[in-house]
Structure formats: structure tokens, C-alpha cells
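Student: Here it is, the structure, as C-alpha cells.
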Amino acid sequence: VHVALADRAYDVHIGAGLLASLGERVRDALHKQRTGGTPTPPAMKGQATRRAAPPGNDAQRAFLAYDDNLPDSLVETAAASLTRAGFIVTTHSVHASEQTKSLDTLASLLEALASATIERSDPVIALGGGVVGDVAGFAAAIYRRGAPVVQCPTTLLAMVDASVGGKTAVNLRVDGQLRKNMVGAFWQPALVLCDVAALDSLPDRQLRAGLAECVKHALIARSTPARDRLGSDATDVMLAWTEESIPKVLARDREALIAFITRNITVKTAVVEADEREEADDAVGGRALLNLGHTFAHAIEPLHNISPTNDPADAPLLHGEAVALGLIAASACARALGMIDAKQASQTSVIVAKAGLPTCVANLPIDETLLSAMAHDKKQQDGQMRLVLPAGPGLAKVMRNPPADAVQAGLAAIRA
Ligand SMILES: NC(=O)c1ccc[n+]([C@@H]2O[C@H](COP(=O)([O-])OP(=O)(O)OC[C@H]3O[C@@H](n4cnc5c(N)ncnc54)[C@H](O)[C@@H]3O)[C@@H](O)[C@H]2O)c1
């Protein structure tokens, strides 16, 4: 999938076993980025070269930040491929959690980059889920005022969502509370490489969590420029197609995964291309449409006692699980406002259940607490609640200051 963003354009490669050719793909992408896509020039005889790199590309070192939960073989495959392509590789492990998606981890990454004498043209490669992608992407954005980053997502969520679009961030702890993605930068990658083989080791629960963002894409597809990229036929049936694909995705059928991830990335790409920095008017929607379900989700995600199975051992919720509940709450809220019919609202719950994601949870705090958390969500503007709601099959729109009773109807729908 090509992401057409003027001088920040890049490609997303999707396939099985791609990490084995990571090095050459990185070389190629860096070269394209520097030359605007012209082919690599042949070597010039006798040309003095400071670097052991192939001609036409002056990056010498590569910094591989990897998730410490990945199987060693995956990290070794990526590092070996970079070495074969002529890079001197430094590897650096990162522990992925919302607590470690922090300024401290960012600082240690920046120090490790400096200690490895990474230069501004050398690639930072993020191999891991959304946490590693966000923090390593942010480190790349600010290290020496910006080094190229290559995203190699290893979770479904990071493949279909976090790795594409250039948002990078860390969380802040403010007054004892974890505030998500409070510090960050827009920093588009030079390349995104989705190797579906990397999903082999991903726990089932994490795979299911990634499906929540895919259901979201299907719920908004017809409101996005994905209609032009995929064709209206594909966007019109995206929800049914997603529902049909879920069992194959959960069975990790590689062909199905490739088709599924490709289509989801195409939706995300089309939205990002049209509104790279989330500046579109409410009437247009733009990138804000990707927040469907997220305002509800952000209010319940930090609650430590909420479990997707209602077994306390499974608490807290993963981001995708909170988003799944958020999609149901948004649908119920839209239903209360007469924006969608009962059949469409219940369809959201059916597909969420089919993905093995929670449809309701126990122990949610009282409405006032959740409404206040939603009002403080960072996506709000000028103190107004800005909610994205379903507005018909495959359609969504932004709504400012929705009536409290409609939001409460949304919350009621996800209370066990
Ligand atoms: N930048 C964006 O546009 C964007 C979009 C959506 C989400 N995000 C961010 O992404 C994060 C969530 O990402 P995530 O769901 O990938 O979570 P994550 O990065 O925390 O990974 C989930 C868990 O899976 C493990 N893991 C990752 N890949 C694995 C593999 N192949 N095998 C075994 N274990 C593996 C990780 O170590 C971690 O324990 C959040 O911080 C969220 O804010 C960013």
C-alpha cells in the first residue's frame, strides 16, 4: 500500500516472511526517500566512500529497537538481514507496557542512539507492537532533529493502525494519573513492513484486541476516502466482509491475514492522506473519524479493576478491548439520538462478540465519573466533548457536545 504524502510518502509492505529481507527493503526505502523515488544509481568506480553501504545510500548504521517479548528468532532474522545489507546494527530491547511508554524509556532510547553513534541519516527500526512503535518513532523524530524510522509492527493492532499515519508519542504521569500519548510528534515512517509471520507468537488475546480497530475501520469506511481507493463496492460491504474474515484471522490463516491487513491499512492510509494532522473540520470528519469508540474507551481503559471476562485475573482491559466496548457504547449512543436503527446498533455488538471481545463489563464507575473522564479526553477541543458516532451503515460523523442522556445510554449498553 502506498501512502501518498508529498515528500513524506512511503510504502507499506505486507506479506509473510518479509523480515528476512528487511535490510534491502530499508536501503531501498531510504534511497527513495532521499531521491524522490529515482532508481539506485550504479556504483562509480574509484569513488571514495566513507561507508560500507551499497552505492547511492549513505546510511551505515541501523538501530533496532525491539520488543522484549518477541521470540529471539524474529529479532535475529531482522538483525541478520540488516547486517547482510551492509548496516552496522545496534539492538536495544524495550519492555512494552503503558507504564514503560514513558519519558524514561524515551530518554534511555535517545542515550542508546547517541552511544551507538547513530547519525541523522541512519535508520531507527521499531520491531514490536504499538508501544515500541510509538516510543521508538518518537525517539527517531527528535534524535538529532529527526532520523528516519522504519516501523515493523508485530501485533495486529500495530499493523492495521499504529504503524501507519506517523503519530508517535509517550504517556505522561500527571498528578499520579497516567495520561496517554500526551507528548509526541507527527513523524511519518520511511517504510512500514508488516510480516504476518511475526503474528505467530502473538497471544490470542492480543490478536483479538487488534480486531477492534478493524471493526472500527469497517464502521467508518463509507465516510472516508477509502471509498475511492477500495471502490464503493468494497467499502459498502466492509462490515460483512470483516465479520466473515474474523474466523480466518483468528485461525491465523496467512492468506486471509494478508488480505485483511491490506484492506484495513488501505482505509487508514486513505484517511491519513486526506488529513495528515487531524485538522479537518467536523463536517468533513477526516482523521478524527478514527476516534470512533475511543472517547468512551479512553475513559475506561485506565480503570485497573475492569476485566474483559469479569475474572479479576484478566484485568485491566487492553486498548483494543476498551475500543470494542467504546464501539458498542458509541453505537448505543447514536441509537439513542436516532442516528442509526436498532438493527445497526446490535450489529456492532454481534461482530464484537464474534471477534471474542467483551461486549459489556462489570465494575464500571458511576456515569458522572465516566462522563467527566470523557470530557477530559485529550481529543476534546475548547472544553467541548467531541464524539464520533455511527451515522448509518459504514458511516460515521463527529458530534460536538452530545446530550448527556444519549452518552449515558451508551454507557448503559456496556454495563454488565
Ligand atoms: N501511533 C498510533 O497511531 C497508534 C494507534 C493505535 C494505538 N497506538 C498505541 O499502541 C499501543 C498499543 O499497541 P499494541 O496493542 O500493539 O500493544 P503493545 O505494544 O503493548 O503489545 C502488546 C503486547 O504484546 C507483546 N507482543 C508484541 N508483539 C508480539 C509478538 N509478535 N509475539 C509475542 N508478543 C508480542 C508486547 O510485548 C506486549 O506485551 C498503545 O500504546 C496505543 O496508544 C498508537
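Please treat every number below as a calculation from the coordinates, not as lab data. Not measured: the values here are computed from a predicted model. A quick note on method: Cβ atoms are made from the backbone with ideal geometry, for glycine too, and the neighbour counts reach across all protein chains shown.
Student: Put a dot 7 Å past each Cα toward the Cβ at LYS343 and ARG254; how far apart are the dots in nm?
Tutor: In this crude label model, ARG254 to LYS343 measures out at 4.1 nm.
Student: Next question, about the same structure. Could you calculate the contour length gain from GLU368 to LYS354, that is, 0.36 nm times the residue separation minus the distance between their Cα atoms, to one decimal place in nm? Spell out each step's value before the answer.
Tutor: Values: separation 14, 0.36 × 14 = 5.04 nm, distance 3.08 nm.
Length difference between fully extended and current span is 2.0 nm.
Student: Compute and list, largest first, the equivalent-ellipsoid semi-axes of the chain from the alpha carbon gyration tensor, each √(5λ) rounded to a whole angstrom. List each step's numbers first, then the result.
Tutor: Details: eigenvalues 278, 97, 78 Å².
Rounded to whole Å, the semi-axes are 37, 22, 20.
Student: Arrange the following residues from fewest to most other Cβ atoms within 10 Å of their Cβ: ILE220, ILE258, ILE125, ILE265.
Tutor: Details: ILE220 26, ILE258 15, ILE125 29, ILE265 23.
Arranged by neighbour count, lowest to highest, ILE220, ILE258, ILE125, ILE265 become ILE258, ILE265, ILE220, ILE125.
Student: Given R₀ = 41 Å, what would the calculated FRET efficiency be for GLU119 paired with ASP233, taking r from the Cβ atoms and rounding to 0.05? Intermediate values should be presented prior to the final figure.
Tutor: Working: r = 48 Å, r/R0 = 1.16.
The value I calculate is 0.30.
Student: Pairwise over distinct Cα atoms, reciprocal of the mean inverse distance: report the Kirkwood radius of segment 356-416 in Å, one decimal place. Please report the intermediate quantities before stating the final value.
Tutor: Numbers: mean 1/r = 0.0778 Å⁻¹.
After inverting the mean inverse Cα-Cα distance, the result is 12.9 Å.
Student: Relative to the first principal axis of the alpha-carbon coordinates of the chain, what is the inclination of helix 130-142, with its axis defined by its Cα atoms, in degrees from 0 to 90 and to the nearest 10?
Tutor: 50
Student: Scale the Cα Rg of segment 71-188 by the rule-of-thumb value 2.2 N^0.38 Å and send over the ratio, two decimals.
Tutor: Working: Rg = 13.8 Å, N = 118, 2.2 N^0.38 = 13.5 Å.
Rounded to two decimals, the normalised Rg is 1.02.
Student: Separate question: Over 5 Å intervals from 0, what percent of Cα-Cα pairs in segment 285-416 sits in each interval?
Tutor: Taking every Cα pair in segment 285-416, the percentages come to 2, 12, 23, 26, 20, 12, 4, 1.
Student: Note down the Stokes-Einstein diffusion coefficient of segment 67-124 in µm²/s, whole number, using a Kirkwood radius over alpha carbon pairs, 20 °C, and 1.002 mPa s. Write out the running numbers ahead of the final one.
Tutor: Details: Rh = 12.7 Å.
The diffusion coefficient I find is 168 µm²/s.
Student: What distance in nm separates the two pseudo spin-label positions at GLU243 and HIS13, each 7 Å out from Cα along the beta-carbon direction?
Tutor: Result for the modelled spin labels: 3.7 nm.
Student: Here's a follow-up. How far is helix 204-220 tilted off the main Cα axis of the chain, in degrees rounded to 10, range 0 to 90?
Tutor: Rounded to the nearest ten degrees, it is 70.
Student: Still on this structure: Could you give the nm distance between label points at ASP282 and ASP175, where each point is 7 Å from its Cα heading toward the beta carbon?
Tutor: For ASP282 paired with ASP175, the spin-label model returns 2.6 nm.
Student: Using alpha carbons only, how many angstrom separate the centre of segment 296-338 from the centre of segment 383-406?
Tutor: Here the two parts' Cα centres lie 17 Å apart.
Student: Taking only Cα atoms, what is the 0 to 90° angle, nearest 10, from helix 404-413's long axis to the longest principal axis of the chain?
Tutor: Long axis of 404-413 versus the principal axis of the chain: about 80 degrees.
Student: If you don't mind, another one. Whole percent per 10 Å bin, from 0 to the bin with the longest distance: what is P(r) over all C-alpha pairs of segment 163-296?
Tutor: 11, 36, 37, 14, 1
Student: So what are the three principal axis dimensions of segment 111-163 from its Cα atoms, in whole Å, longest to shortest?
Tutor: If we take the Cα atoms of segment 111-163, the spans are 32, 16, 13 Å.
Student: Grab the Cα-Cα distance for ALA315 and ASP104, subtract it from 0.36 nm times how many residues apart they are, and report the gain in nm with one decimal.
Tutor: Values: separation 211, 0.36 × 211 = 75.96 nm, distance 2.51 nm.
Result: 73.4 nm gained on full extension.
Student: For segment 337-351, just list the computed ³J(HN,Hα) in residue order, Karplus coefficients 6.51, -1.76 and 1.60, θ = phi - 60°, integers in Hz, with x standing in for Gly and Pro.
Tutor: Once θ is set to phi - 60°, the couplings for segment 337-351 become 8, x, 7, 9, 8, 4, 5, 5, 4, 6, 4, 4, 5, 4, 6 Hz.
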